[in-house]
Amino acid sequence: MTTFRDMVTAGAKPHDALSSEQSDHLSFCHNGLTYTILEPIGTWGLGAFGRSTTLPVYKAVTTSGSNDPSPQHVAFIMASSLRAPLFDLASYSIKKNIFCSHINILPSNTHFFIQLKGHETLCIVLPFDAQVLSLRSILQNRPKFANGIPQTCIAVALLHTVRGLHMLHTKDYDHLEITAGTIFYHIEDKSIKLAFGASCYERTSAAEESGECPIQEVFYWATPPEVDVLSRARKLHEYDRFKADIWFIGIAALELAYRKIPVVKREELLRIASYISQVRRLPDTWEELRTKADELEVVKTQRNRKFLKCPTAPENPPRFDEHFGNFVAMCLDAEPNERPLANELLMDEFLRNVNEGESMEMFKAVMINGYRNFDKKKTVAIGSA
């Protein structure tokens, strides 16, 4: 019987012939390629539960020889058997990634075992910036999207994300890590893919380095209301994981809409989710959303059951229409049984309105090439008349 250990390629060995500029870095060969490990760029694992449950992700350079004219950069994870739980988690994540191949799931590039410092080490090679861009990196690095991305682009991104999620659910896999940071635009095949299993890692962001709340902490608070966050790591399989994934789709939608989720405690995020599920509309900014959620809480406390509506001035049409508001509200319903399944989300009007023929071309024009809007006959560059 073929085991998972037999499915991966062994035989890599440390590489001693380093260039002068690479001499301070770990380097080794595998299948004719030399991998040189550079600086850490992020984390992989259960980041919401502290550093003991994560592995560093490194930037690495691959070359096919000392005179290789086109070295490539990749993301690189090393899981040592010395840390058995994370080694097993990494091995299982590769298995999931292999068994869940799909056009909307981001695969790992390759994986193999080496002996490092006397311990078996699983190496996972992942796509890097030249191949993929996470939507979070676009949000954080493009001033145009300081307040979020256009609704049309959100719809395209979520359509492909939910398609990938639906495939996982049909194979009885959950995700439970869906954020804007795990949704990628694949540059080579011009598609949107959901990172999953081995390919699901969190980049260290400029926002976190500048003092903003780390996304891992926000993600910890974003756990669905039916889950006790203090015991989440021990009870992942004691609740409806698929309905939890739908909740995270709603959280990702908010991140795409507003660029970030600047909450200071879990109760605040749950109060905002409750407001959305009742009003079923989204205001233009996060500050408005937070204020209106607080106002509704006061109204409810005073036992006045009238719901507050999002006022919109005729001369300033809202950023988000009722279809998007309803979509997010369904995902963030506090009652798991009231949340739709992934295939039901695909039938919702918000996603059904996406024009398949033009959607990816429009997404690339606006999100990647920096155009203000997209027209089949004419595109207008950001900042131009």
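When both residues are 6+ apart or on different chains and their Cβ atoms are under 6 Å apart, which pairs have a first residue that lies in region 78-92 and is open to solvent by 40 Å² or more (accessible area, probe 1.4 Å), and a second that is of a type outside the set (Phe, Trp, Tyr)?
Cβ pairs passing all conditions: 81/119; 81/120; 82/119.
What number goes with the only condition from (1) modelled with pLDDT under 95; (2) surrounded by 13 or more Cβ atoms within 10 Å (Cβ to Cβ) that residue 320 does not pass?
(1)
Which residues, taken from region 249-285, are within 20 Å of the chain's Cα centre (by Cα), under 22 Å from residue 146 (Cα atoms) and not small (Gly, Ala, Ser)?
249, 251, 254, 255, 256, 258, 259, 260, 261, 262, 263, 269
Tell me, yes or no, whether region 348-359 has at least one residue that is at pLDDT 95 or above, surrounded by 14 or more Cβ atoms within 10 Å (Cβ to Cβ) and assigned to a loop (DSSP other than H, G, I, E, B).
yes
Please tell me if residue 374 is open to solvent by 40 Å² or more (accessible area, probe 1.4 Å), modelled with pLDDT under 95 and not polar (S, T, N, Q).
yes
In region 97-111, which residues are in contact with a His (Cβ under 8 Å, 6 or more places away or on another chain) and closer than 15 Å to residue 126 by Cβ?
Matches in region 97-111: 106 only.
Spot the failing condition for residue 101; the list is (1) without any contact (Cβ under 8 Å) to a residue 60 or more places away in the chain; (2) open to solvent by 50 Å² or more (accessible area, probe 1.4 Å); (3) not in a loop (DSSP other than H, G, I, E, B), and only one is missed.
(3)
So which residues in region 151-178 are assigned to a loop (DSSP other than H, G, I, E, B), closer than 19 Å to residue 139 by Cβ and open to solvent by 10 Å² or more (accessible area, probe 1.4 Å)?
Scanning region 151-178 gives a single hit, 177.
This table checks each residue for (1) charged (D, E, K, R); (2) within 30 Å of residue 176 (Cα to Cα); (3) at pLDDT 65 or above; (4) in contact with a His (Cβ under 7 Å, 6 or more places away or on another chain).
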position: 4; (1), (2), (3), (4): no, yes, no, no
position: 43; (1), (2), (3), (4): no, yes, yes, no
position: 48; (1), (2), (3), (4): no, yes, no, no
position: 78; (1), (2), (3), (4): no, yes, yes, no
position: 88; (1), (2), (3), (4): yes, yes, yes, no
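For residue 129, state whether it is free of Cβ contacts under 8 Å to residues at least 40 places away in the same chain, acidic (Asp, Glu) and open to solvent by 10 Å² or more (accessible area, probe 1.4 Å).
Judged against the criteria, residue 129 is not a match.
Do we find that residue 108 is assigned to a loop (DSSP other than H, G, I, E, B) and in contact with a Ser or Thr (Cβ under 7 Å, 6 or more places away or on another chain) in this structure?
yes
The values are calculated or read from the model by the stated rules, or taken from the named source; none is laboratory data. From a predicted model like this one, the values you see are computed outputs, not experimental measurements. Cβ sites come from the backbone with ideal geometry, for glycine too, and all protein chains shown count toward neighbours. Just the protein is used for accessible areas: all its heavy atoms, side chains included, with ligands, DNA and RNA removed. Shrake-Rupley method; radii C 1.70, N 1.55, O 1.52, S 1.80 Å.
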